[in-house]
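Right, one structure below, let's go through it.
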Amino acid sequence: MLAGRHILLAVTGGIAAYKAAELARLLLKSGATVQAAMTPSAARFVGPLTFEALTGRKVALDLFAAEEPGRGHLDLAREADLMVIAPATANCLGKLAAGLADDLVCTTALALKAPLLLCPAMNPRMWEHPAVQANVKLLAERGVEIMEPETGPMAHPREEPGRGRLPEPAAIHDHICRMLPPSGSLSGVTLTVTAGPTREAVDPVRFISNASSGAMGYALAEEARRRGAEVHLVSGPAALPAPPGVDLVRVTGVAHMLEAVQWSLASSQALIMAAAPADFQPRQTAAHKIKKESAGDSFTLELVMAPDILKSLAPLREGRIFIGFALETEEGPAHARRKLHDKNLDLIVLNHPSPAPGAGMGEARIQGALIGRDGTEEALPVMPKLQLAGIILDRLEALLPKHE
Ligand code: CTP
């Protein structure tokens, strides 16, 4: 996601400095080069050696260090695609707002042309202080990106909880991925991907759902983002983390999913429906938990057809590319071809819920066949879902009108 990007990770002196090591690890895992810089007080909270071991680079510490030729503030600023200060202390915010430059981190920030992301973290009373708030406002007005601290327990158990916590490293990493969209074969394209099952409520504690894990949709979203697309992932309940840099909208029922997809489609050039939305929903949702006593020996639940999302969106296509999935247990190609025409799709991915051991619904691998509008069929072997995602996106790229 961040391959070829150079991130300058600056750490200032707060208790949350330890979280910056995890941030460095996540950035490196995404393919970025990470240069760490620390203020002298940050180096008292976490040893620079931790960052050196993680990044494989000497930590920039001292504004006047003669033994660091070429690591001066101007070089640090010049080579960065993005500078993130995490945690940024109240002192650091004050110095940046005033344009002071008495340590390596603030001096580098002044010389920076690349985007700057500040992740303030401090005691809640300090965060709420009008001086800190005024500094943050001023910096935001100057175009600095601010990730506000979170509310929750403080690092010290005796401190009362409040707003001031550094966001989790994964959230900061995600924010950085959004600020630095990868450039690739889908740059400039906005894509809506759906994933996972839906839940149709029977009563406040029961619902009807299916075995979809969401893994195929999440793999498509991740790969599309890696190729530079702006991705809206509309997901039913799934126990998967949001792929970095992807805009995740969580929904529950099929009506909710339809609404979210409709909204997202307005800005998208393509839709990939990898979700398994319900086909049927209870005619009524009971307001209170249905009691066994009221049912007797058996219980009949009346189901009605749920909206078919792809079908209802067909009138809104207007030149957009629509890709669907067909989950079939028998006569797959025939059913898939019918769905392709009924739902007016450009491409359909035929798959079986359990084509082979360790493959199919809820598994990491899948077997698919791609059936095009022109009738062509490409049968594929069992493969990881991420690999199939790549093949589907290759087909999408060929279908999209050529863009600059
Ligand atoms: N789909 C949809 N809305 C629904 C159900 C399905 O948009 N309420 C989409 C799925 O996301 C998939 C395609 O339609 O891309 C086909 O889904 P599938 O479950 O294979 O078929 P159905 O059309 O639901 O028909 P059936 O269940 O009878 O096979």
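Of all residues assigned to segment 343-356, at least one qualifies as being within 13 Å of the ligand (Cβ to nearest atom), at positive phi and surrounded by fewer than 19 Cβ atoms within 10 Å (Cβ to Cβ). Considering only segment 49-59, I want to know if a residue exists there that is buried (at least 16 other Cβ atoms within 10 Å of the Cβ), touching a helix residue (DSSP H, G or I) at 6+ places or on another chain (Cβ under 8 Å) and assigned to a loop (DSSP other than H, G, I, E, B). Yes.
Against the list (1) buried (at least 16 other Cβ atoms within 10 Å of the Cβ); (2) part of a loop (DSSP other than H, G, I, E, B), the condition Gly375 fails is (1). The criterion of being in contact with a helix residue (DSSP H, G or I) (Cβ under 7 Å, 6 or more places away or on another chain) and within 26 Å of Leu393 (Cβ to Cβ) holds for Leu258.
Applying the selection to segment 273-296, what residues are part of a loop (DSSP other than H, G, I, E, B) and more than 9 Å from the ligand (Cβ to nearest atom)? Steps first, please.
From segment 273-296, those part of a loop (DSSP other than H, G, I, E, B) are 274-275, 277-279, 283-291, 296; that's our starting set.
If the condition is that a residue be part of a loop (DSSP other than H, G, I, E, B) and more than 9 Å from the ligand (Cβ to nearest atom), then Arg283, Gln284, Thr285, Ala286, Ala287, His288, Lys289, Ile290, Lys291, Gly296 are the ones that fit.
When Val304 is tested against (1) surrounded by 13 or more Cβ atoms within 10 Å (Cβ to Cβ); (2) in contact with a Lys or Arg (Cβ under 7 Å, 6 or more places away or on another chain), exactly one condition is not met: (1).
Within segment 176-210, track down each residue that is modelled with pLDDT of 95 or more, over 30 Å from Ala286 (Cα atoms) and surrounded by 19 or more Cβ atoms within 10 Å (Cβ to Cβ). Scanning segment 176-210 gives Ile176, Leu186, Val189, Leu191, Thr192, Val193.
Condition check ((1) in the same structural domain as Asp174 (by TED's automatic domain parsing); (2) within 22 Å of Lys29 (Cβ to Cβ); (3) touching a His at 6+ places or on another chain (Cβ under 7 Å)) across all residues:
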site: Val46; (1), (2), (3): yes, yes, no
site: Leu74; (1), (2), (3): yes, no, no
site: Val84; (1), (2), (3): yes, yes, no
site: Pro87; (1), (2), (3): yes, yes, no
site: Ala90; (1), (2), (3): yes, no, no
site: Ala98; (1), (2), (3): yes, no, no
site: Thr108; (1), (2), (3): yes, no, yes
site: Leu112; (1), (2), (3): yes, no, no
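Closer than 23 Å to Glu397 by Cα and in a strand (DSSP E or B), is that true of Val304? No; evaluated as a whole, the condition is false for this residue. Has segment 216-225 got at least one residue that is among the aromatic types (Phe, Trp, Tyr) and within 18 Å of the chain's Cα centre (by Cα)? Yes, because at least one residue in segment 216-225 is among the aromatic types (Phe, Trp, Tyr) and within 18 Å of the chain's Cα centre (by Cα). The single residue among Ala336, Ala389 that is modelled with pLDDT of 95 or more, more than 26 Å from the chain's Cα centre (by Cα), in a helix (DSSP H, G or I) and assigned by TED's automatic domain parsing to the domain that holds Phe207 turns out to be Ala336.
The values are calculated or read from the model by the stated rules, or taken from the named source; none is laboratory data. Model, not experiment: these values are computed from the prediction. All Cβ positions, even for glycine, are placed from backbone atoms using ideal geometry, and neighbour counts span all protein chains on display.
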